[in-house]
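Here's the structure we're looking at; comments come further down.
Quick note: the coordinates plus some simple rules give every number you see, no bench work behind them. Note that this is a predicted model, so its numbers are computed, not measured. Virtual Cβ from ideal backbone geometry, glycine too; neighbours counted across all protein chains shown.
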Amino acid sequence: MPQFTVELNVNGAASDVWALLTDDAFLEDLYRNRLQYVQWSVTERLTAPEGDLIRRVALIPPMNAPAPVRKLLGSGFRETEESRFDDKQLVWSWRRIPSTMADKIKEEGRVRVEAVPDGSSRLVAETTIECKVFGVGGLMESTAEKHSRHDWETLGEALRLRLAADAS
């Protein structure tokens, strides 16, 4: 079960990074145009009584996976992402629920944004991936980790570009 952390240095204040991470239009542009997801759409967004932001998103990721993984997941593969931003702890928790084998595939994580002394920020994304599928679980986990790392790096690039544009 891979557990990994990606740290991204971002050229903006933590509050500006959080503003973008909770901006549905920014994230839709990221997923649809930069990451080539077929679908990224918010199906539910609400504020909990304690102030937390709760969001549910329908996703259809690009199927850039080895043939055995694509065959196992099927052509209609999609995911639902359930997430919660704790505005007191400043932590975003999320989990993805696949349309296929939801009892065997787990992908979840937490995101923090830390202030850096120079006025920039560091986004820290902790991810856990687990695929309990006989024979191909390891291949599925390594493929999912590769895609997840790519998605985080692309997010970091998009944040840096947007924050630089907003600062000028």
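Label-to-label distance for LEU46 and VAL136 is 3.7 nm, based on points extended 7 Å past Cα in the beta-carbon direction. Per residue, the average separation of C-alpha pairs within less than 8 Å and at least 6 apart gives the range 3-167 a relative contact order of 27 percent.
Using 0.36 nm per residue of separation minus the Cα-Cα distance, give me the extension gain between ARG110 and LYS88 in nm, one decimal.
Taking ARG110 through LYS88 to full extension adds about 6.5 nm, to one decimal.
For the range 88-114 and the range 128-160, compute the distance between their C-alpha centroids and round to whole Å. First find each Cα centre; the distance between them is then 12 Å.
Counting beta carbons within 10 Å around each of SER120, SER15 and listing the fewest first gives the order SER15, SER120.
Would you mind ranking ILE105, ILE54, ILE97 by Cβ crowding within 10 Å, fewest neighbours first? Before the final figure, lay out the partial values.
Values: ILE105 22, ILE54 13, ILE97 16.
With the sparsest Cβ surroundings first, the list reads ILE54, ILE97, ILE105.
Only Lys, Arg, Asp and Glu count, each charged at its Cβ (+1, +1, -1, -1), so figure out the dipole size of the range 3-167 about its Cα centre, rounded to 20 debye. Can you show the working numbers first?
Numbers: 22 positive and 27 negative charges, 132 e Å.
The dipole magnitude comes to about 640 debye.
On C-alpha positions alone, give me the angle between the axis of helix 137-167 and the longest principal axis of the chain, in degrees, nearest 10. Roughly 20 degrees between the two axes.
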